[in-house]
1. Run the simple label-point estimate for residue 70 and residue 3 please: 7 Å along Cα→C-beta, distance reported in nm.
2. Spin-label point model (7 Å from Cα, Cβ direction): what's the residue 87 to residue 29 distance in nm?
3. Run the numbers on the chain and let me know its relative contact order in percent, using alpha-carbon pairs under 8 Å that are six or more apart.
4. Of [x] 16.8; [y] 15.7; [z] 13.7, which one was derived for Kirkwood radius over Cα pairs in Å from the structure shown?
5. Can you tally the net charge around residue 13? Count Lys and Arg as +1, Asp and Glu as -1, for every other residue whose Cβ sits under 10 Å from the Cβ of residue 13.
6. Among DSSP beta bridges whose residues both lie in the range 6-94, state the antiparallel percentage, nearest 5.
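Each reported figure results from applying straightforward, stated rules to the coordinates on display, with no laboratory input. Remember, it's a predicted structure, so these values are computed and weren't measured experimentally. Virtual Cβ from ideal backbone geometry, glycine too; neighbours counted across all protein chains shown.
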Amino acid sequence: MTAVADITQNDGRWLVSGNLLLDDVERLLAQDIVVDGAKELEVDLSGVTEVDSVAISLLFEWMRQARGNQCSLTYSNLPANLLSLASLYGVFDFLPQAADSPAGH
């Protein structure tokens, strides 16, 4: 069974779960979930299962939205498969990670 991507928003924190594959990311972007009003936002990716390269694009889109709203965005609990893609594409160091995230290197 495919894990449908979902975002639970709670007081400056998004918990992302499910797959971040092409169809999932397109659906998330179509929902027009935006960074609005918060000065800080942590995006917890601990619930993410499968990813492909479009997941990296999604992370950068959220960073762009946050920057446009003067919001400080960090990612936490990046899954190993997403870290691997970010390293492969040479963008790992561009992903702002929460200080307590086990994904740091």
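1. 3.7
2. Computed distance between label sites residue 87 and residue 29 equals 2.7 nm.
3. On the way: 173 pairs, mean separation 26.3, N = 105.
Over the chain, the number comes to 25 percent.
4. [z]
5. Values: positive: none; negative: 11, 40, 42, 44.
With Lys, Arg at +1 and Asp, Glu at -1, the net is -4.
6. Values: 4 of 15 bridges.
Among the beta bridges of the range 6-94, antiparallel pairing accounts for roughly 25 percent.
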